[in-house]
Every structure is written in structure tokens, then in C-alpha cells.
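Data block below; observations after.
No value in this document is a laboratory result; all are computed from the given coordinates. Remember, predicted model here, so these are calculated numbers, not experimental data.
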């Protein structure tokens, strides 16, 4: 009897693990349409951008910048003018980890070599049609019209 219970428990545990694994895979969503047009191309999903030039972060889901001020992390919809940072040309590193700003030294060291780089293609300048879904992309209106007329691949290069 004990062996039967053990076998049933193992089978149920295995089924629950498979279901949990399937749910975990589904929870990773594509968020191309909500990424800012100044974000770098090549990422289907982005949680944070780290900007090594100013040692600050941007959290995509809430559209907030995260920066240090007097030893505290500030969350704001824009950067203070003291940064003098060009968001379109400054290098952004994609970080898909929880609260990376809580481990700032890790990212300062890891991405120090990206400071001063301005060679990153951004979404706004991309001709890849998957970015046209973003309502702030210059090709968005044409893309929307082509979707309405059933020509979804019209802009694919």
C-alpha cells in the first residue's frame, strides 16, 4: 500500500511540475510594442535598460527612470536636467533581472566599457517591420493601415 501511495504521489508531483514549467514558459511575454523607440533593437522582451554613461536605469513596464539622488533610488517619468544625457544616442544595456538597481556595483563594473559608446541602432531608426507595431515608430501608421488591409508583410525588408 505504501508503494502505491508513493508511486501516485510521484506521478502527481511530476504532473504538477510539468504544468508549472509550462506556465513559466508562457509567462515570458513579448513587449516590443511597449519598448521606447529610443531602446536598442534586437530584443523581444525588455524589463530594464541600464545606461552606463549616467549610471541609471529605465524600467520599461512602468516607463520610469531610476537614478540615485542623495543615496536613494528615485523613480521618475523623466531624468533630471543635470544628467545632460541624449537618450537617443547613449548606449543602453538590456537587463532582464529583478531590481538590478539593488546591485549597482555589479552593473557598473560589468558594463563600464560601454560608457561613451554611440553605435547602437535604436527602434525608431529600424526598418524591421516587427517594430512598426510600436505606436511611436515612424512607420506605425503605414503598418496599421497595411494590417487593416490584410497586407501584414508589406513592409518586411
Next item on the list: Over all directions, average the projected area of the Cα convex hull of region 39-120 and note it in nm².
Entry: 5.3
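Based on the Kirkwood radius over alpha-carbon pairs, what is the Stokes-Einstein translational diffusion coefficient of region 70-118 at 20 °C with 1.002 mPa s viscosity, in µm²/s? All intermediate terms of the calculation are to be shown ahead of the outcome.
Numbers: Rh = 12.8 Å.
This corresponds to a translational diffusion coefficient of 168 µm²/s.
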